[in-house]
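I have placed the structure first, in the form of structure tokens, so that the comments after it can refer back to it.
The values are calculated or read from the model by the stated rules, or taken from the named source; none is laboratory data. Source: prediction; values computed, not measured. Virtual Cβ from ideal backbone geometry, glycine too; neighbours counted across all protein chains shown. Side chains included, ligands, DNA and RNA excluded: accessible areas come from the protein's heavy atoms. Shrake-Rupley method; radii C 1.70, N 1.55, O 1.52, S 1.80 Å.
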Amino acid sequence: MNEEQLSKRLEKVASYITHNERIADIGSDHAYLPCFAIKNKTASYAVAGEVVDGPFQSAQKQVRSSGLTTQIDVRKGNGLEVINPEDAIDTIVIAGMGGTLIRTILEEGQAKLTNVTKLILQPNIAAFQLREWSKKNNWTIKSEAILREDNKIYEIIVLEPATEPVKWTEHEIFFGPHLLKEQNPIFKSKWRHEANTWRNIIQTISSNQPISEDNQTKIHELEHKIALVEDVLK
């Protein structure tokens with residue numbers, strides 16, 4: 001993977017950057033995505049943010065070798081603190097982290113979202129956390145995607161500020177409103193696998209008698225998730 005040829009996952013993320021956008025790529029790693037977006041003219045300016053020193057230096061090196069130092073500013077900092085008002089960022093990308101961490105980044109950086117018109121989020125796990133956040137903070141889910149790469153399944157969520165209150169159902173938060181409607185083969189495969197994993201966990205917990213109160217609560221939670229999957233895939 002490089003700035004010319006992204007991974008399948010990042011290529012899909014990049015496809016949602018569409019028209020001379022000013023982007024901030026949080027957790028940019030080697031800065032491949034902002035370099036790709038600038039070179040393909042879907043972004044006109046980018047901030048590549050990294051909190052870890054190694055990836056930060058790798059991003060700086062990549063931007064220099066790509067000849068894009070006037071269009072991409074590599075900054076070291078935690079989450080959205082790398083964004084300044086004068087950057088006029090309209091699109092924020094956060095990809096390759098857990099959903100809980102992405103949600104924390106958004107919550108801690110809430111003040112930086114005032115003029116942002118698009119969030120492109122790719123959680124590795126716990127995508128429902130971002131849908132819950134979108135409902136609480138009144139962002140609508142404009143688009144979603146699910147894909148498989150190297151035997152891993154990834155979800156991508158694109159959010160835009162909502163013009164009216166967001167009212168996702170439990171099913172929509174858990175599965176994703178757009179993914180739920182489409183239910184492509186990867187979606188079905190993911191949730192069948194998840195349900196089977198939860199059944200195995202229940203079996204393991206249940207084999208250890210007596211069952212503690214905490215484990216009983218865990219079983220009820222997993223049974224509820226399994227019921228949601230069975231309701232959707234029936």
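Let's see how each residue does on (1) at pLDDT 95 or above; (2) closer than 17 Å to GLN129 by Cβ; (3) surrounded by 15 or more Cβ atoms within 10 Å (Cβ to Cβ):
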position	(1), (2), (3)
ILE157	yes, yes, yes
ALA162	yes, no, yes
GLU172	yes, yes, yes
GLN183	yes, no, no
ASN200	yes, no, no
SER207	no, no, no
PRO210	no, no, no
Here are some conditions: (1) over 25 Å from SER7 (Cα atoms); (2) open to solvent by less than 40 Å² (accessible area, probe 1.4 Å). GLU132 meets all but one. Which one does it not meet? (2)
How many residues are under 20 Å from the mean Cα position of the chain (by Cα) and either in contact (Cβ under 8 Å) with a residue 60 or more places away in the chain or not in a helix (DSSP H, G or I) (or both) if we restrict to region 45-65? 7
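Picking from VAL13, VAL63, VAL52, which residue would you name as being among the β-branched types (Val, Ile, Thr) and under 23 Å from SER143 (Cα atoms)?
On the way: VAL63 fails: under 23 Å from SER143 (Cα atoms); VAL52 fails: under 23 Å from SER143 (Cα atoms).
Just a single option satisfies the conditions, and that option is VAL13.
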Counting just the residues of region 66-95 that are within 17 Å of ILE120 (Cα to Cα) and not hydrophobic (A, V, I, L, M, F, W, C), which one comes out farthest from the chain's Cα centre (by Cα)? ASP90
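Among the residues of region 62-71, is there at least one that is among the β-branched types (Val, Ile, Thr) and under 18 Å from GLY96 (Cβ atoms)? Write out each step before concluding.
Narrowing region 62-71 to residues among the β-branched types (Val, Ile, Thr): 63, 69-70.
Filter again for under 18 Å from GLY96 (Cβ atoms), leaving none.
Looking through region 62-71, none of the residues is among the β-branched types (Val, Ile, Thr) and under 18 Å from GLY96 (Cβ atoms).
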What is the number of the single condition among (1) at pLDDT 95 or above; (2) closer than 30 Å to GLY49 by Cα; (3) surrounded by fewer than 16 Cβ atoms within 10 Å (Cβ to Cβ) that ASN151 does not meet? (1)
Search result, residues across region 112-127 that are of a type outside the set (Lys, Arg) and either free of Cβ contacts under 8 Å to residues at least 24 places away in the same chain or over 19 Å from ARG9 (Cβ atoms) (or both): LEU113, THR114, ASN115, VAL116, THR117
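When you scan region 66-111, how many residues do you find that are in contact (Cβ under 8 Å) with a residue 40 or more places away in the chain, over 26 Å from SER134 (Cα atoms) and in a loop (DSSP other than H, G, I, E, B)?
Just the residues of region 66-111 that are in contact (Cβ under 8 Å) with a residue 40 or more places away in the chain, to begin with: 66, 72, 74, 79-80, 82-83, 87-97, 105.
From the residues that got through so far, the ones that are over 26 Å from SER134 (Cα atoms) too are 66, 72, 74.
Checking the rest, the ones that are also in a loop (DSSP other than H, G, I, E, B) come to 66.
Summing the residues that are in contact (Cβ under 8 Å) with a residue 40 or more places away in the chain, over 26 Å from SER134 (Cα atoms) and in a loop (DSSP other than H, G, I, E, B) in region 66-111 gives 1.
Can you go through THR18, THR42 and tell me which one is touching a His at 6+ places or on another chain (Cβ under 8 Å), closer than 19 Å to ILE120 by Cα and either in contact (Cβ under 8 Å) with a residue 12 or more places away in the chain or surrounded by 21 or more Cβ atoms within 10 Å (Cβ to Cβ) (or both)? Before you say what the answer is, go through the steps one by one.
Details: THR18 fails: touching a His at 6+ places or on another chain (Cβ under 8 Å).
The conditions single out THR42.
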Determine which single condition GLY99 fails, assuming it passes every other condition in (1) farther than 25 Å from VAL51 by Cβ; (2) open to solvent by less than 10 Å² (accessible area, probe 1.4 Å); (3) of a type outside the set (A, V, I, L, M). (1)
